[in-house]
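The block underneath contains the structure these notes are about, expressed in structure tokens.
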Amino acid sequence: MTNGPAIALKDVHLSLGEKAGRVHILKGIDLTIDHGTAVGLVGPSGSGKSTLLMVMAGLERADSGLVQVVGSELGPLSEDELARFRGSNVGIIFQSFHLVPNMTALENVAVPLELSGDRAAFDKAKLELEAVGLGHRLHHYPAQMSGGEQQRVAVARALVVDPKILIADEPTGNLDENTGSQIVDLMFKAQKKRGTTLVLVTHDPALARKCDRMIRVRSGEIEEDVSDVRSAGAEASA
């Protein structure tokens, strides 16, 4: 395991948009996340929490400040270097699945391994799909699967590279309560089994309380940082 924290951000600023329409999204974020921790990012719409998540994943570049993930500083990396870094270190689960429609479940999951030149890509993808309960859907296309099944494929794709960091942006946002609960269980079981660092954005307080730590973001700043969320939630409901 890499020495130091899994994720370290220091005085991170990010603005998006052009000229008069440019908006200061992240305002001096300081944040450290330990290895193997589950962290929930919460806050109102437009607070900057999803942008913060994308900065951690290397999908958005900070304008200034330090962004260090599993020991690598992301700022100096080229786009190709960033892509390679994500491919071997970061698994990403999106709200809207982001599956390739003309690829089967097996092909979708194998993609990140194929891109890295792994000759066992399809064998590993098959095992990962079986692990999320989709061994019978290997050769089905996204349109032939339910929303919950598609998100299971997305979870398998995120985990197949055995990432050190698992990023999830509203992973249950497009699912009904029961299906969403199943996806949550899958993510947390995988996170604990592999010792992965999990960072997720959610509007669901119950999901946030499953994390070890909850960070509330408002207007591009960290408003509150609560450790041992499960204990805090238990005390509040007692």
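List of remarks:
- If only residues of region 36-59 that are of a type outside the set (A, V, I, L, M), assigned to a loop (DSSP other than H, G, I, E, B) and within 14 Å of the chain's Cα centre (by Cα) are counted, the one that is nearest to Phe85 (Cα to Cα) is Gly58.
- Residue count for region 108-122, restricted to those that are more than 26 Å from Asp185 (Cβ to Cβ) and either open to solvent by less than 80 Å² (accessible area, probe 1.4 Å) or touching a residue at least 60 places away in the same chain (Cβ under 8 Å) (or both): 4
- Selection count, region 55-80, where residues are farther than 24 Å from Ile93 by Cβ, open to solvent by 60 Å² or more (accessible area, probe 1.4 Å) and free of Cβ contacts under 8 Å to residues at least 12 places away in the same chain: 2
- Restricted to region 123-238, the set of helices (runs of 4 or more DSSP H) holding at least 1 residues that are closer than 25 Å to Phe85 by Cβ and open to solvent by 10 Å² or more (accessible area, probe 1.4 Å) comprises 147-159, 177-194.
- Only residues that are open to solvent by 50 Å² or more (accessible area, probe 1.4 Å), of a type in the set (A, V, I, L, M) and closer than 18 Å to Val69 by Cβ were counted in region 1-43, giving 1.
Yes/no matrix, rows are residues, columns are (1) assigned to a helix (DSSP H, G or I); (2) at pLDDT below 95; (3) under 18 Å from the mean Cα position of the chain (by Cα); (4) among the aliphatic types (A, V, I, L, M):
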site: Val67; (1), (2), (3), (4): no, no, yes, yes
site: Asp80; (1), (2), (3), (4): yes, yes, no, no
site: Arg86; (1), (2), (3), (4): yes, yes, yes, no
site: His98; (1), (2), (3), (4): no, yes, yes, no
site: Leu106; (1), (2), (3), (4): yes, no, no, yes
site: Ala110; (1), (2), (3), (4): yes, no, no, yes
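The values are calculated or read from the model by the stated rules, or taken from the named source; none is laboratory data. What you see is a predicted model, and the numbers here were worked out from it, not measured in a lab. Cβ sites come from the backbone with ideal geometry, for glycine too, and all protein chains shown count toward neighbours. Heads up: the accessible areas ignore ligands, DNA and RNA and are worked out on the full protein's heavy atoms, side chains in. Shrake-Rupley method; radii C 1.70, N 1.55, O 1.52, S 1.80 Å.
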